[in-house]
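This report concerns only the one structure given below.
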Amino acid sequence: MTNDQIILFSLFGAVFALLLWGRWRYDLVAFAALMAGVVLGVVDTKHAFDGFGHPATLVVALVLVVSAGLVRSGAVFLITRTLVDRSRALGSHIAIMGSVGGILSAFMNNVAALALLMPVDIQTARKAGRPPSLSLMPLSFATILGGMATLIGTPPNIIIAAIREDSLGESFKMFDFAPVGALTAIIGLAFVALIGWRLIPQREDALKAVEDLGAYIAELTVPEDNKHIGTRLAELQPEAEKADVALLGLIRDGKRRYGAARNTILRAGDALVLEATPEALDEFRSALNLAFSETEREERIKAAGEGLDMIEVVVPTEARIAGKTAQAIGLNWRQRTIVMGISRQGKRITKRLRQTVVRPGDILLLLVPKGAGPDVTDWLGCLPLAQRGLAVTENTKTWAAIGLFAAAVAAASFGLLYLPIALGIVVIAYVLLRILPLSELYDHIEWPVVVLLGSMIPLGAALEDSGGTELIANSLIGLTEGWAPWAILTVLMVVTMTLSDVLNNTATAIVAAPIGIQMAQTLGVSPDPFLMAVAVAASCAFLTPIGHKNNTLILGPGGYRFGDYWRMGLPLEILVVAISIPLILLFWPL
């Protein structure tokens with residue numbers, strides 16, 4: 001093993017370890033590794049930033065912008081409004097919603113597809129009186145499966161097509177992934193709709209989650225003239241039980257009191273710590289004439305004559321507030337918004353709300369100026385838990401948006417235009433037709449993913465140039481010596497799928513695809529089936545809430561625990577391997 005290989009293996013090991021740890025965001029980890037690679041001399045300075053201009057990076061960014069245009073034009077809403085019927089039985093509902101989600105995610109970002117359908121699914125669960133957990137996980141898995149069907153459906157497919165072009169001189173075409181990806185997705189969706197949802201744990205409090213999606217930890221303050229000043233906290237218990245509120249304790253002078261707080265005599269300025277639904281919280285506040293935890297800011301909002309709205313949002317990985325506190329991002333003075341509560345399944349909040357670090361998957365209860373909910377939600381980078389009005393342009397532009405995108409897909413599929421060029425033309429057309437405002441153009445690009453790709457691509461190229469990829473490939477072949485090529489293909493797929501369950505799937509594809517090509521060349525067989533195996537495996541992260549962003553998004557709204565995912569995810573991953581390997585060998589022979 002050479003010095004360059006040792007350094008690169010160490011860098012990749014550090015990247016994977018830090019991604020698994022999750023303390024720092026993946027884009028910072030990847031960029032820091034790239035800078036370290038340049039300083040240590042394993043990445044050529046002249047090529048250090050080639051990844052930021054790589055076709056794969058550009059396509060990912062352009063797909064995100066085009067997805068936003070399709071949403072803003074009303075095209076996606078047209079599809080969901082036409083196909084989604086809330087009166088169906090659960091199995092039928094999962095099949096229809098999953099099919100819609102799968103089709104959408106084949107042509108747009110799968111996180112965006114889930115974000116659009118999740119409020120519809122939650123409202124359906126509430127009206128049907130069933131736990132949202134029974135349908136949210138199937139919907140998440142369906143949108144992940146659907147992305148495998150096309151080149152632009154998921155970043156791993158885009159990356160693998162670009163790596164094939166760099167290594168073999170020709171990229172995969174738009175629908176080259178469909179024979180394997182689409183058929184695997186259809187069979188996977190059938191499993192999810194017929195059997196999979198029955199494997200999701202149903203707890204005793206599941207039906208209660210229909211109403212509250214998990215109770216919030218919240219704070220209410222005792223104002224100066226409150227009639228309960230001088231009484232004991234325990235004396236508020238009857239009113240709390242009537243409103244279905246749990247009194248957890250109180251905060252005085254910045255310090256929390258729990259069990260002993262029941263006998264504490266209330267003073268002005270004390271903050272009561274509660275666990276309650278939004279409706280119960282407001283009922284309790286009104287009954288006892290309590291104030292929100294940030295009364296001065298509340299009064300400033302009211303003084304502006306705007307009134308107040310209460311909204312619920314879920315925090316994705318890339319949200320502005322993820323990993324930060326409301327105080328750190330200036331939520332109060334920038335957006336005149338107050339955090340009323342935080343819902344975090346299985347975790348007890350132990351700090352003041354303004355000082356609590358918000359995590360991906362949390363649900364926030366926010367007090368916002370009347371009518372400002374959508375703007376605050378967008379500014380935070382969060383997703384609403386209730387349907388809201390889309391910024392729909394004129395009806396004629398809905399079909400214009402669909403037609404332009406379809407034309408770009410067709411042109412790229414038939415080789416008339418290079419895919420990044422075709423998508424770039426669509427973006428320009430969307431701006432010129434005012435389908436997507438120029439002022440919002442860059443807001444829809446997921447910059448952390450762009451930085452991740454731009455950083456990891458040069459590192460992956462350096463690993464390949466140093467012979468590190470060949471070394472890994474030979475090691476895997478050595479471990480499977482004497483096995484049939486299809487068995488070795490299965491091993492590569494299982495290893496890739498396992499990595500994708502705990503790491504970012506984009507990073508997994510960047511590393512695994514060159515290894516697949518090298519393994520095929522060593523065995524003297526076609527590299528295409530190995531690349532297809534990596535494409536399917538990198539997308540199928542179903543065992544944990546951290547393997548894919550969609551799984552993280554549903555963690556809070558579905559009331560799931562970390563260990564809930566594998567119950568449906570493990571049989572689904574086994575099924576994916578069992579189905580996709582024969583399909584790969586059929587459509588992409590060794």
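Could you list, in their original order, any pairs among Lys127/Lys549; Lys255/Lys370; Lys173/Lys549; Lys242/Lys370; Lys227/Lys324 whose Cα atoms are separated by more than 31 Å? Mind dumping the intermediate values first?
Details: Lys127/Lys549 27 Å; Lys255/Lys370 33 Å; Lys173/Lys549 26 Å; Lys242/Lys370 29 Å; Lys227/Lys324 37 Å.
Violating the 31 Å limit, Cα to Cα: Lys255/Lys370; Lys227/Lys324.
Using only Cα atoms and rounding to the nearest 10 degrees, what angle (0 to 90) does helix 447-465 make with the longest principal axis of the chain?
So the inclination is approximately 30 degrees.
If you wrap region 25-158's Cα atoms in a convex hull and average its projection over all directions, what's the area in nm²?
Averaged projected area of region 25-158's Cα convex hull equals 9.7 nm².
Where Rh is the Kirkwood radius over the Cα pairs of region 450-584, the temperature 20 °C and the viscosity 1.002 mPa s, what D in µm²/s does Stokes-Einstein return? Kindly include the intermediate steps, with their values, before the conclusion.
On the way: Rh = 15.6 Å.
In µm²/s, the coefficient rounds to 137.
Considering only protein heavy atoms and a 1.4 Å probe, what is the carbon-and-sulfur percentage of the accessible area of the chain?
Details: 14460 of 24330 Å².
Of the solvent-accessible surface of the chain, carbon and sulfur hold 59 percent.
What trypsin sites (Lys or Arg not before Pro) does region 225-256 have in DSSP loop regions with at most 11 other beta carbons within 10 Å?
Counting only loop positions with at most 11 other Cβ atoms within 10 Å, the trypsin sites (Lys or Arg not before Pro) in region 225-256 are Lys227.
Given the convex hull of the Cα atoms of the chain, what is a quarter of its surface area in nm²?
Its average projected convex-hull area is 28.5 nm².
Can you compute the charge dipole magnitude of the chain about its Cα centre, using +1 on each Lys and Arg Cβ and -1 on each Asp and Glu Cβ, nothing else charged? Give it in debye, rounded to the nearest 20.
Using Cβ point charges on Lys, Arg, Asp and Glu, the chain gives about 1360 debye.
For region 389-530, take the alpha-carbon Rg, divide it by the Kirkwood Rh, and send me Rg/Rh.
Numbers: Rg = 20.9 Å, Rh = 18.5 Å.
Rg/Rh for region 389-530 comes to 1.13.
Identify the residues of region 549-578 with backbone N under 12 Å of a label point that sits 7 angstrom from the Cα of Gln202 along the Cα-to-Cβ direction, or state none.
Once the point is set 7 Å along Cα→Cβ of Gln202, nothing inside region 549-578 turns out to lie under 12 Å by backbone N.
Just the ratio, please: alpha-carbon radius of gyration of region 97-244 over 2.2 N^0.38 Å, N its number of residues. Mind showing how you got there, number by number?
Values: Rg = 23.5 Å, N = 148, 2.2 N^0.38 = 14.7 Å.
Its radius of gyration relative to the 2.2 N^0.38 Å reference: 1.60.
Determine the per residue accessible area of the chain with all protein chains present and a 1.4 angstrom probe, expressed in square angstrom.
The answer is 41 Å² per residue.
The values are calculated or read from the model by the stated rules, or taken from the named source; none is laboratory data. A quick note: this is a predicted structure, and the numbers were derived from the prediction, not measured. In this analysis, Cβ positions are derived from the backbone assuming ideal geometry, glycine residues included, and neighbour counts consider all displayed protein chains. To get the accessible areas, we keep the full protein, side chains included, count just its heavy atoms, and leave off ligands, DNA and RNA. Shrake-Rupley method; radii C 1.70, N 1.55, O 1.52, S 1.80 Å.
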